[in-house]
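The structure under discussion appears below in the form of structure tokens.
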Amino acid sequence: MHLNIVVLPGDGIGPEVMAAALPVLETALRRGGHTLAYTEHPVGGAGIDATGKALPDATLAACKCADAILFGSVGGPRWEHLPPAEQPERASLLPLRKTFDLFANIRPGFLPAALAEASPLRPDLVAGGIDMVCVRELTSGIYFGQHRRITPPDGKDTQAEDVMAYRKSEIERVTDAAVAVARSRKQRIVSVDKANVLACSVLWRETVSARIAATAPEIVLSHMYVDNAAMQLVRAPAFFDVLLTENMFGDILSDEMAAVCGSLGMLASASVGGTKNRHGYPFGLYEPAGGSAPDIAGKNIANPCAQILSAALMLRHSFGAHREAESIETAVRDAVASSAARTADIAFGHPAVGTCEAGNAVLEQLEKQ
Ligand code: IPM
Ligand code: MG
């Protein structure tokens, strides 16, 4: 297979974790007999610096011609003086998600039993490891409703509002995505909402229930309020298999899930939607969920695993290259377990290695397979 992708390293730690991930991706593909062509383009703050736009026209045009996007991260203090709507996150990542209708965000949280010490939770809570997937709605809800500030004529008591809205069809399609994930796992979904307060959540709960009853009655569905879900994630993380939720709750809970599983530096994500690429698989954007971490950028200390694992998700979802995806995931696990890929965030008494060294350790494991 010939893979044609766009690489958008972005800002902060993006370029360095991307540099560690690309050789791993290339090696896995070469070993599987595939070829890779990619072009790199500026996005986010790098896009603003290069062209004045966070999502430069040429970057967007290149994405439209590709089979998938491998994304780094965007944002940082350098662009925080800009009006919110022009900042890298809101002006590049969100429009990319929306333009390509990438409504289903799949974030796997995994903590092998052998790495239980990496979790900040009490050992008995994670002794058996954690293996769950957060499916987050990504192109609607409060992120995409109207955001505005209203300053009264006397200028005294400024107000701001953000509109949260959901359509039934938007809830149905992300439910279908969660069902597809659950079918490849334990057939269990916990849907998270705030139906005791929000109208959107009442619709969410009704729609998820009806959709699963009609299309996937074999799935065991339960509902949880978001505050309770936040608590259960630290009380009994092993209870979760597939967690399905709306945009903002998913943003928050997936960070919590990542921390419980050891580090945000390990959290990969796939954002897919209805469009297919030329291979007949979903077009998607693949990115670490942890952000640009400007405080540690350029120091060769960031964990490259989330970026590497995002490349593996890309192989699986956008190219159906399951074997190659697994080879990368196994290499990451082995490298972390042997402590050769333990950057500072997951070192726990082992000597911390740098970003490049961690990437090389993964590469070495891959070559050993
Ligand atoms: C994420 C990030 C983004 C989000 C930011 C960078 C806009 O936190 O992917 O989780 O909130 O979706
Ligand atoms: Mg987030």
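The values are calculated or read from the model by the stated rules, or taken from the named source; none is laboratory data. Worth saying up front: this structure is predicted, and the values here are computed from it rather than measured. Cβ coordinates were reconstructed from backbone atoms using ideal geometry, including for glycine residues, and neighbour counts include every protein chain displayed. Note: areas computed on protein heavy atoms with side chains; ligands, DNA, RNA excluded. Shrake-Rupley method; radii C 1.70, N 1.55, O 1.52, S 1.80 Å.
In nm, to one decimal, how far is the MET248 label point from the VAL197 one, both placed 7 Å along Cα→Cβ?
Label at MET248, label at VAL197, 0.9 nm between them.
No solvent, one uniform scatterer per C-alpha: report log10 I(q)/I(0) for the chain via the Debye equation at q = 0.07 1/Å, two decimals.
Log10 of I(q)/I(0), two decimals: -0.30.
Could you work out how far apart the two model spin labels at MET231 and ARG278 are, taking each label as a point 7 Å from the Cα in the direction of the beta carbon, and quote it in nm?
Computed distance between label sites MET231 and ARG278 equals 5.4 nm.
Set the Förster distance to 35 Å, then compute FRET efficiency between THR35 and ASP176 from the Cβ-Cβ distance, nearest 0.05. The partial results should precede the final answer.
On the way: r = 33 Å, r/R0 = 0.93.
In this case the efficiency is close to 0.60.
Return the FRET efficiency for the residue pair ALA50, VAL220: r is the Cβ-Cβ distance, R0 is 56 Å, and the value is rounded to the nearest 0.05. Before the final figure, lay out each step's value.
Values: r = 50 Å, r/R0 = 0.89.
The calculated FRET efficiency here is 0.65.
Which of PRO351, PRO23, PRO88 moves most in a GNM of the chain, Cα contacts under 10 Å?
Ranking PRO351, PRO23, PRO88 by mean-square fluctuation puts PRO351 first.
Each label point is 7 Å from the Cα along the Cα-to-Cβ direction; what then is the distance between the points at GLU26 and SER338, in nm?
2.2
Pop the C-beta distance of MET1 and THR151 into the FRET formula with R0 = 45 Å and round what comes out to the nearest 0.05.
Numbers: r = 55 Å, r/R0 = 1.23.
After rounding to 0.05, the efficiency reads 0.25.
Would you kindly compute the Cα radius of gyration of the stretch 190-313 and its largest Cα-Cα separation (Dmax), both in Å?
Considering the stretch 190-313 through its Cα atoms, Rg and Dmax are 16.9, 52 Å.
So, for the stretch 218-369, what is the accessible surface per residue at a probe of 1.4 Å, expressed in square angstrom? Could you put the intermediate results ahead of the total?
Values: 5640 Å² over 152 residues.
On a per-residue basis, 37 Å².
By a straight-distance test (C-alpha under 19 Å), which lysines pair with LYS168 as possible cross-link partners, with residues fewer than eight away in the same chain excluded?
The reachable lysines, counting only those whose Cα sits under 19 Å from LYS168, are LYS98, LYS194.
Can you work out the Karplus-derived ³J(HN,Hα) for every residue in the stretch 40-55? Use 6.51 cos²θ - 1.76 cosθ + 1.60 with θ = phi - 60°, whole Hz, and x for glycine or proline.
Listing the rounded values in order: 9, 9, x, 8, x, x, 4, x, 4, 5, 7, 9, x, 10, 5, 10 Hz.
In whole percent, how big is the carbon plus sulfur part of the accessible area of the stretch 120-260, probe 1.4 Å, protein atoms only?
Details: 3710 of 6730 Å².
Taking all protein chains in place, the stretch 120-260 shows 55 percent carbon and sulfur surface.
What size of dipole, in debye to the nearest 20, comes out for the stretch 120-260 about its Cα centre when the only charges are +1 on Lys and Arg C-beta atoms and -1 on Asp and Glu C-beta atoms?
Numbers: 16 positive and 19 negative charges, 56 e Å.
It works out to roughly 280 debye.
Compare the peptides 76-84, 341-349 by average per-residue count of other Cβ atoms within 10 angstrom and give them in order, highest first.
On the way: 76-84: 13.6, 341-349: 19.1.
In decreasing order of mean packing, 76-84, 341-349 become 341-349, 76-84.
Could you tell me which of MET231, GLY155, LEU243 has its Cα farthest along the dipole of the stretch 120-260 towards the positive end, charges placed at Cβ (Lys, Arg +1; Asp, Glu -1), taken about the Cα centre?
Farthest towards the positive end: LEU243.
What ranking, highest mean first, results for peptides 144-155, 178-189 when packing means the other Cβ atoms within 10 Å averaged over each residue? All intermediate terms of the calculation are to be shown ahead of the outcome.
Numbers: 144-155: 10.1, 178-189: 17.7.
The most tightly packed comes first, giving 178-189, 144-155.
Using the Kirkwood radius built from alpha carbon pairs, what does the Stokes-Einstein equation give as D for the stretch 145-255 at 20 °C and 1.002 mPa s, in µm² per second?
Details: Rh = 15.4 Å.
Translational diffusion coefficient: 139 µm²/s.
What whole number of Å gives the distance from the Cα centroid of the stretch 156-173 to the Cα centroid of the stretch 60-83?
If we compute the Cα centre of each part, the gap is 24 Å.
If packing is taken as the average number of other Cβ atoms within 10 Å across a peptide's residues, how do 158-170, 7-19 rank, most packed first? Write down the numbers at each step before the final one.
Values: 158-170: 13.0, 7-19: 26.0.
Ranked by mean Cβ neighbours within 10 Å, highest first: 7-19, 158-170.
Can you list residues whose amide H is under 5 Å from TYR281's amide H, if they're 5+ apart or on another chain and H is modeled 1.01 Å from N?
Here the answer is none, since no amide H 5 or more places off falls under 5 Å of that of TYR281.
Regarding the stretch 8-68, what is the average projected area of its C-alpha convex hull, in nm²? Mind showing how you got there, number by number?
Numbers: hull surface 17.2 nm².
With the hull built on Cα positions only, its mean projection is 4.3 nm².
Test of understanding: in a Gaussian network model of the chain with alpha carbons linked when under 10 Å, which of CYS261, CYS305, CYS356 would top the mean-square fluctuation ranking?
CYS356
Given the stretch 1-120, what whole percent of its Cα pairs are spread farther than 23 Å?
41
Normalise the Debye intensity by I(0) for the stretch 306-356, one equal point scatterer per Cα, no solvent, then take log10 at q = 0.26 Å⁻¹ and round to two decimals.
Cα-only, vacuum Debye calculation for the stretch 306-356: -0.90.
For LYS53, which aspartates and glutamates qualify as cross-link partners when the Cα separation must be under 15 Å and same-chain residues fewer than eight apart are set aside?
Result set, ordered by chain and number: ASP11, GLU80, GLU86, GLU89.
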